[in-house]
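Written out below as structure tokens is the structure these notes cover.
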Number of protein chains: 2
Amino acid sequence: MPRKVAIVGCGMSKFGRRDDMDLMGLLVEASTASLDDANVGRKDIDAIYVSSMLSGELSHQTATASALADALSLLPAAADRIENGPASGGSAVKNAYAAVASELFDTVLVTGGEKMRHVAGATVTDLLATMTHPTAEYMHGVTLPSLAGMFTRLYMQRYGVELRHLAMIAIKNHKNALKNPYAHIHREITLEGIYSKPEAELNNPLISDPLRLYYSCPITDGAASIVITSAENASKFSDAPVTIAGVGQATDTLAVHQRDDPTVLRAVRISSQRAFAMAKSKPEDIDVAELHDAFEILEIAESEDAGFFEKGTAHKAVEKGVTALDGDLPINPSGGLKARGHPVGATGVAQIVELTSQLRGEAGERQVSGAEQGYSCNFGGFGNNVLAFVLKRGD
Amino acid sequence: MPRKVAIVGCGMSKFGRRDDMDLMGLLVEASTASLDDANVGRKDIDAIYVSSMLSGELSHQTATASALADALSLLPAAADRIENGPASGGSAVKNAYAAVASELFDTVLVTGGEKMRHVAGATVTDLLATMTHPTAEYMHGVTLPSLAGMFTRLYMQRYGVELRHLAMIAIKNHKNALKNPYAHIHREITLEGIYSKPEAELNNPLISDPLRLYYSCPITDGAASIVITSAENASKFSDAPVTIAGVGQATDTLAVHQRDDPTVLRAVRISSQRAFAMAKSKPEDIDVAELHDAFEILEIAESEDAGFFEKGTAHKAVEKGVTALDGDLPINPSGGLKARGHPVGATGVAQIVELTSQLRGEAGERQVSGAEQGYSCNFGGFGNNVLAFVLKRGD
């Protein structure tokens, strides 16, 4: 039997426009926070995983994990960089999990980060599009926002979702982020300001019809980090360990148009089913969820394909406040990608950081009371590679 | 206890200048070969790992593992890309090992590849240098060949190594590669042609004093692939499984000048000690070794720090033919990085492919007779991140 694995430390850099720090600085900031939180010594760390999608392209730095091991004085710890598009963070957590469960290593640092704000937005959009199908999508000018625009249109036609639902999710996530000191955006927004009044269009310009600015996440610099160890070691480092109970991953067609029904996120379904099965848990058991709302329509679609709501009904749950911080299933208490921000390689780790804080009961003003089980969905490509996790309080 | 893990399939693309194929084509070519060799069905593969250092920078493609899963029709298999400089391949094998040992997945495909010949050599040299220390090395113009030049000079002064020893290793590796149909370079070279005659300098131009062309590996396109599974499953797919008995990884200072003694490859020592300890094996037990001779001086240094020869004596073993194909410890029967070639992300996997062929007794003309245990050293950065493996015949 593989060993059980627990999270014993977590930390974040401030997310945002971080002109004060390069990529390595952000990785160090988050890593130091999680190492301090775990109360581990430098010698306790056997291996590190770094997730970063674009460290080579945007920071002209490769083998980034070797550099972080050196910067943190963790030599001779093993070190690997994982690149899996926006799911890089989830993949790093998964591989760190396997490394500990397999007894290859005892205690492992996982840090994800991205530095993206120092170049033009169009450059970022182009580089992110390198995760799409090179000949069937990319060469025709397809980008992630354009895929999301088409996906939103289809979802609206098929299930009766309206743009006001996307606005409501954005408003919820901005509101949650006000309670998260590490979030990128600390600004309350209103339905009047971005949607319901004629002049709202000026505040909320079109990005990719029908997607508008406030229905999409920002470009963010930042890093997030956790420390994991075997469950039997966990009490050495933490009196509130959180167990990685379920890990699921699945791929789907690279080109979105090849899917039988493009509104069905098959990789979300399969990865979630695997994570729940491994955790011996069900969607109904989950108290708090972090979803990958790179575009607000994805929070709706993922919450359905993960099993929390019937297909085509999540927007009604949003209307009723079910996913609000005080609702039955709070989604993205951190502020989500929309307002906490989306430093691409950091996101999958940042979701785990938020769940860990929630399950420890240390999430402050945004605490979901009595949270025992958490779920995260880290969405890569346009749904072509998804990681799902189920975390449980205790070891 | 973690499960034992065995290699049940291996395959390679032809290495060389592959103007006929893009990166994905090379990855598919090698993957198909190893899937066929393992006799696994598409549904048997639970996860894939792709190692590639520069797929984003040189092929404008990221999340490369998701793309390969799609290209091979392996959906919904999990898929991650590992980037760890020239040690990317070893890191991918390590993570695949942990994924199987931890019971997260049963059967996993690992494919490493790089497409590098379609751009100017100076571009490649610059991008490879992004793995060095950004402020202490890279910004001063340090490249991998310049580090290797300085390392060679120091090694010559300290241990009495002469350039003719580097020529002898190059000659040996070219000779071995003549027996490897997948090797990049099929050309016999001689001491007269590259070293001992006055006109030899014309054939063997200076790269980075004292390093010359034939003391360095070429720039190569190519991919290599293995299929691994749990030892208990291995007989389903192969009647000659090879066990991954030892896995070691270690890091060293990012900047080479920060090491107490730059001629000591500390990460090679530590990673090898770990791999041997895990395998309950010793250097004397090894019948065949694949070392990372990106520069020929590294074959000497690694063979010492891995424990095969006393420090400062490997060049004498080279003189005596100990490391030749018919010697006591054949090193790089594949032709090594020098002549099989060095598609950066492929190399660590290609080493494992060669050892697997050798331990199965299927290496044809270059077979090391009676090989029971093999060792590989996959060297990242300039020795700042090293993977060592011990493989054993049988399960």
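The values are calculated or read from the model by the stated rules, or taken from the named source; none is laboratory data. Everything numeric in this text was worked out from a predicted model, so none of it was measured. Virtual Cβ from ideal backbone geometry, glycine too; neighbours counted across all protein chains shown. To get the accessible areas, we keep the full protein, side chains included, count just its heavy atoms, and leave off ligands, DNA and RNA. Shrake-Rupley method; radii C 1.70, N 1.55, O 1.52, S 1.80 Å.
Within the stretch A:333-345, identify whether any single residue is farther than 28 Å from A:Glu57 by Cα and either at pLDDT below 95 or more than 18 Å from the chain's Cα centre (by Cα) (or both), and answer yes or no. No, there is no match, as no residue in the stretch A:333-345 is farther than 28 Å from A:Glu57 by Cα and either at pLDDT below 95 or more than 18 Å from the chain's Cα centre (by Cα) (or both).
With respect to (1) at the interface with chain B (Cβ under 7 Å from one of its Cβ atoms); (2) open to solvent by 20 Å² or more (accessible area, probe 1.4 Å), the lone exception for A:Gln61 is condition (2). Hey, does the stretch B:217-230 have a residue that's surrounded by fewer than 24 Cβ atoms within 10 Å (Cβ to Cβ), in contact (Cβ under 8 Å) with a residue 24 or more places away in the chain and within 14 Å of another protein chain (Cβ to nearest Cβ)? Yes, the stretch B:217-230 contains a residue that is surrounded by fewer than 24 Cβ atoms within 10 Å (Cβ to Cβ), in contact (Cβ under 8 Å) with a residue 24 or more places away in the chain and within 14 Å of another protein chain (Cβ to nearest Cβ). Considering only the stretch A:131-153, how many residues are open to solvent by less than 40 Å² (accessible area, probe 1.4 Å) and either part of a helix (DSSP H, G or I) or touching a strand residue (DSSP E or B) at 6+ places or on another chain (Cβ under 6 Å) (or both)? Going through the stretch A:131-153 one residue at a time, the tally reaches 9. As a summary of the residue check, A:Arg164 satisfies the conditions (1) open to solvent by 20 Å² or more (accessible area, probe 1.4 Å); (2) under 22 Å from A:Leu391 (Cα atoms) except for the one numbered (2). Could you say whether any residue in the stretch A:333-341 is away from chain B (no Cβ under 14 Å), open to solvent by less than 20 Å² (accessible area, probe 1.4 Å) and over 24 Å from A:Arg18 (Cβ atoms)? Scanning the stretch A:333-341 turns up no residue that is away from chain B (no Cβ under 14 Å), open to solvent by less than 20 Å² (accessible area, probe 1.4 Å) and over 24 Å from A:Arg18 (Cβ atoms). Within the stretch B:87-124, the residues that satisfy the criterion of being open to solvent by 10 Å² or more (accessible area, probe 1.4 Å), touching a helix residue (DSSP H, G or I) at 6+ places or on another chain (Cβ under 7 Å) and more than 7 Å from every other protein chain (Cβ to nearest Cβ) are B:Phe105, B:Asp106, B:Lys115, B:Val119. The lone criterion from (1) more than 7 Å from chain B (Cβ to nearest Cβ); (2) farther than 18 Å from B:Gln61 by Cα left unmet by A:Ala79 is number (1). Among the numbered conditions (1) among the hydrophobic types (A, V, I, L, M, F, W, C); (2) within 19 Å of B:Gly112 (Cα to Cα); (3) touching a His at 6+ places or on another chain (Cβ under 9 Å), the only one that B:Ala388 does not meet is (3). Taking the stated definitions as given, is B:Leu213 open to solvent by 10 Å² or more (accessible area, probe 1.4 Å) and modelled with pLDDT of 95 or more? Criteria met by B:Leu213. Mind checking whether some residue in the stretch B:26-46 is on the phi > 0 side of the Ramachandran plot, of a type outside the set (A, V, I, L, M) and open to solvent by less than 10 Å² (accessible area, probe 1.4 Å)? The answer is no; no qualifying residue exists. Checking each residue of the stretch B:356-371 against the condition of being touching a strand residue (DSSP E or B) at 6+ places or on another chain (Cβ under 9 Å) and acidic (Asp, Glu) gives no match. The condition (being closer than 16 Å to B:Pro241 by Cβ, among the small types (Gly, Ala, Ser) and open to solvent by 30 Å² or more (accessible area, probe 1.4 Å)) is satisfied by just one residue among B:Gly361, B:Gly374: B:Gly361.
Checked across the stretch B:306-314, the condition of being of a type outside the set (Gly, Ala, Ser) and open to solvent by less than 20 Å² (accessible area, probe 1.4 Å) holds for no residue.
Condition check: farther than 24 Å from B:Gly160 by Cα and out of contact with any Gly (no Cβ under 6 Å at 6 or more places or on another chain). Does B:Ala245 satisfy that? Yes, satisfied.
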